[in-house]
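Next up is a structure, given as structure tokens.
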Amino acid sequence: MTALLRTVGLTKAYPGVVALDELTVDIAPGTVGLVGANGAGKTTLFRIMLGLTPPDSGSIEVAGVDVANDPIGVRTRLGFMPEHDCLPTDQTAADLVATLGEFGGLPPRAARQRASDVLDLVGLDEARFRPLEGFSTGMRQRTKLAQAIVGDPQVVLLDEPTAGLDPSGREEMLQLIERLATFGISIVLATHLLDDVQQVCDQVVMLDGGRLVTAGRTDALVETTGTVTVDAGGHTDALLDAIGAAGLTSVVALDGSVAVSMSSDDDLDRIVAAVAAAGLPLHRLTPRSRSLDDVFLDRATR
Amino acid sequence: MTATSTGAVYDRGYRPYDGPRGGRNEARRALWRASVRRALGLRRSWRQKVFPWTLLAIVSVPAVVNVGIAYLTRDTVAEEFEFITYREYVGVGTALLLFVALTAPDIICPDRRHRMLPLIFARPLTGTDYVVTKVAALTAIVFAFGFLPHVVLFVGQAFVDRDGSLTYVRANAEFIWQVPIAVAIVAIYYSVLGILAASFTNRRAIAGAVFLIVLLVASVVSAVLSGGDEEGVFSSMWAVVNLLALPLRVRDLVFLGEMAPDGPLGGIDGGATAAVVTYLAVVGTSMAVLLRRYRWIET
């Protein structure tokens, strides 16, 4: 399978700062979260992926195309949604998206049809003939997403797509991104919001100061931690006593619930039996998994 | 009775595109079309259309007047009327300058002001494509606005000529190649300078003002350096410094084969060569600066 992104020793330095430092990753097609704090190198990596900035050293392939050899060819396969506001005020959404579709090589008639389709897809069907000047932040973000996919790209680069959105707008944008993934479009989502990544991405690349922190499948990174959370409706002390009496180890109290380290699946039966024997109500018994925040903090500080 | 609904709601979803897809050349053409549309106010509000089309009407007035008077006097014994010559008509200065001053910023400043360049350069376009296409778009419009009135003048004169259309065409055949070349020389020059001025600022008004001021200052400097005799005639090699009128000197070369005798370079040895070299240097340097400015695109 052709890799979505393959880099070997990719390095890019600006005066006084190393934006990317010997980055080597091999990412399969899918929905990829590119996470890191501001200055981690996300935008630089996007610029290099688009062929707009040459790396100082190393190699990079996007969708099987060597960016250094064929930057124009790469751009015919990519869609890009910048983080900042980049829409003119005196055009309609339909006109802008169609025009950018034409810039991407679509014939004028096809571009207009595609613009109509993708604006409908992102929920701007009725607003598409209105000037962008009157659009809300959410509508502008959707317009930016529409222009990124108007050319039916293989890969879409989304730079902080939920920036500036209220909670409902953010949720809608994430649902749109999830929906795009179902259409077979690979997505690279650059963000510093790890919750967004955990919600929609099946792979993660974590950067810190231009260096690779870790990369892999999201579900593998947030795999279970070998502990379960037991909630007995707030009877924490009684619960601690019961679990301790059952001979289970490493019992830790947490916000009214209790985290119990497990050595085998049989321990689940012992927990249930202990709670029942103590006459406590068992409200919740769930495996604990790490969040991406835990993973990032753990590995970035090593 | 129950009404039967015939309507239906469809979720069209996402349809992959498997039709024809152009590459860099198609992207360039699309950028050119979009720039021309913008300059002419097409797909924009009526306010944006007023200026370019009013200007086209204004630059056509001399041709219409010339043809009209020729028509009215065709059956009289009056001498053939010539309100304006083809040479004079190339570069009807103020109108075209004003057009470039207002249009060049309009097709290049908003891209930077609205930070649209990342959207444009995420497509199969390079900085060179962008600069060349923008200059080509403005040149095409200025050329059209300079050339169409000539067509009106030529065709109109041919129709009303007292000796017949064919006679007029034969007598003026050289203008068929001279006019487009001369108009192109003027159009390229002003377009390159207009786009160059607009590339230094995001504000359209400032860009237009800088374009006009630089040309006017250059003409004043040229006049001062040239001195002038008692009759106020300026005849000096310093005339090439007059960036405002420089393309008109080259225009004279196209029509007359030499510098106009009554012009500031008339009768000066090497005047024609100096005009051409300066013209090429100004256009070449301006293009080089423009390409340099768009070599690195900031996202």
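Would you mind classifying the range A:93-196 by shape? Square roots of the alpha carbon gyration tensor eigenvalues, ordered a ≥ b ≥ c; an a/c under 1.5 is rounded, otherwise it is prolate if a/b is larger than b/c and oblate if not.
Verdict is oblate for the range A:93-196.
Still on this structure, please answer the following. Tell me, rounded to the nearest percent, the portion of alpha carbon pairs in the range A:224-290 spaced more than 16 Å apart.
34 percent
To make sure I understand, if each residue's beta carbon is the centre and we count other beta carbons within 10 Å, what order do A:Ser291, B:Ser199 fall in, fewest to most?
Lowest count first: A:Ser291, B:Ser199.
Hand me the tally of lysine pairs in the protein assembly as shown: alpha carbons under 30 angstrom apart, and the pair either on different chains or 8 or more positions apart.
The result is 6.
Please compute, for peptide A:99-112, the average count of beta-carbon atoms on other protein chains lying within 10 Å of each residue's beta-carbon.
That average works out to 6.
I've got another one for you. Please give the Cα centre distance for the range B:170-187 versus the range B:249-284, rounded to the nearest Å.
16 Å
Taking the simple approach of a point 7 Å from Cα along Cα-to-Cβ for both B:Thr94 and A:Thr2, what is their distance in nm?
6.0 nm
What longest region of chain A stays clear of chymotrypsin sites (Phe, Trp or Tyr not before Pro) that DSSP places outside H, G, I, E and B and that have at most 14 other Cβ atoms within 10 Å?
That would be A:1-128.
Using 0.36 nm times the number of residues separating B:Arg44 and B:Thr73, minus their current alpha carbon distance, what extension gain do you get?
Here the answer is 6.2 nm.
Would you grab the residues whose amide H sits under 5 Å from the one on A:Val150? Only those 5+ places off in sequence or on another chain, please, with H modelled 1.01 Å from N.
Residues meeting the criterion, in which the H sits 1.01 Å from N, do not exist here.
What is the local net charge at B:Arg170, summed over the other residues whose Cβ is closer than 12 Å to its Cβ (Lys, Arg +1; Asp, Glu -1)?
-3
Nearest 5 is fine: what % of DSSP beta bridges in the protein assembly as shown come out antiparallel, could you say?
Roughly 65 percent of the DSSP beta bridges within the protein assembly as shown come out antiparallel.
While we're on this one: Relative to a virtual label point 7 Å from the Cα of A:Thr137 in the Cα→beta-carbon direction, which members of the range A:75-113 show backbone nitrogen distances below 15 Å?
Counting backbone N atoms under 15 Å from the label point, the list is A:83-86.
If we count other beta carbons within 10 Å of each Cβ, what is the order of B:Thr73, B:Thr139, B:Thr94, fewest first?
B:Thr94, B:Thr73, B:Thr139
Determine one quarter of the surface area of the Cα convex hull of the range A:5-221, which equals its mean projected area, and express it in nm² to one decimal.
11.6 nm²
Could you work out the mean projected area of the convex hull around the alpha carbons of the range B:163-299, in square nanometres to one decimal? Don't skip to the end; give the middle numbers.
Details: hull surface 47.5 nm².
Over every viewing direction, the Cα hull of the range B:163-299 projects on average to 11.9 nm².
Shifting gears a bit: Of the trypsin sites (Lys or Arg not before Pro) in the range B:93-186, which ones lie in a loop per DSSP and count no more than 14 other C-beta atoms within 10 Å?
For trypsin sites (Lys or Arg not before Pro) across the range B:93-186 that sit outside H, G, I, E and B with at most 14 neighbouring Cβ atoms in 10 Å, the list reads B:Arg162.
Can you compute the FRET efficiency between B:Asp18 and A:Asp70 using 1/(1 + (r/R0)^6), with r the Cβ-Cβ distance and R0 = 22 Å? Round to the nearest 0.05.
0.50
Other chains near B:120-132: what is the mean number of their Cβ atoms within 10 Å of each residue's Cβ?
Mean partner shielding for this stretch: 5.
Also: Taking neighbour Cβ counts within 10 Å as the exposure measure, how do A:Asp267, A:Asp95, B:Asp252 sort from fewest upward?
The fewest-first ordering by Cβ neighbours comes to A:Asp267, A:Asp95, B:Asp252.
Using only the Cα atoms of the range A:1-103, what do you get for the radius of gyration and for Dmax, in Å?
15.2, 44
At 7 Å along Cα-to-Cβ for each site, give me the label-to-label distance between A:Asp125 and B:Val151 in nm.
Output for this residue pair reads 4.3 nm.
Just flag the trypsin sites (Lys or Arg not before Pro) in the range B:192-267 sitting in loop per DSSP whose Cβ has no more than 15 other Cβ atoms within 10 Å. Write out the running numbers ahead of the final one.
Working: sites: B:Arg203, B:Arg204, B:Arg249, B:Arg251; in loops: B:Arg203.
Passing both the DSSP loop test and the Cβ count: B:Arg203.
Something else: Give me the number: length gained by fully extending B:Thr85 to B:Val61, i.e. 0.36 nm times residue separation minus the C-alpha to C-alpha distance, one decimal in nm.
Length gained, B:Thr85 through B:Val61: 7.3 nm.
OK, next. Going 7 Å from the Cα of B:Asn25 toward and past its Cβ, which residues in the range A:97-140 have a backbone nitrogen under 15 Å from where you end up?
Correct set: A:105-107.
Cα centroids of the range A:9-40 and the range B:104-168: how far apart, whole angstrom?
44 Å
DSSP loop (so not H, G, I, E, B), at most 14 other Cβ within 10 Å: list which chymotrypsin sites (Phe, Trp or Tyr not before Pro) in the range B:162-200 pass both filters. Don't skip to the end; give the middle numbers.
Working: sites: B:Tyr168, B:Phe175, B:Trp177, B:Tyr189, B:Tyr190, B:Phe200; in loops: B:Phe200.
Within the range B:162-200, the qualifying chymotrypsin sites (Phe, Trp or Tyr not before Pro) (loop, at most 14 other Cβ atoms within 10 Å) are B:Phe200.
Can you tell me the alpha carbon radius of gyration of the range B:24-293 divided by the globular rule-of-thumb value 2.2 N^0.38 Å?
Computed over Cα atoms of the range B:24-293, the ratio equals 1.10.
Bin all alpha-carbon pair distances of the protein assembly as shown at 10 Å intervals from 0 and give each bin's fraction as a whole percent.
Result, from short to long distances: 3, 13, 18, 18, 15, 12, 9, 5, 3, 2, 2, 1, 0 percent.
No lab work stands behind these numbers, since they all come straight from the coordinates. Since the model is a prediction, treat every value here as computed from it, not as a measurement. With ideal geometry, Cβ positions are generated from the backbone for all residues, glycine too; neighbour counts draw on all protein chains shown.
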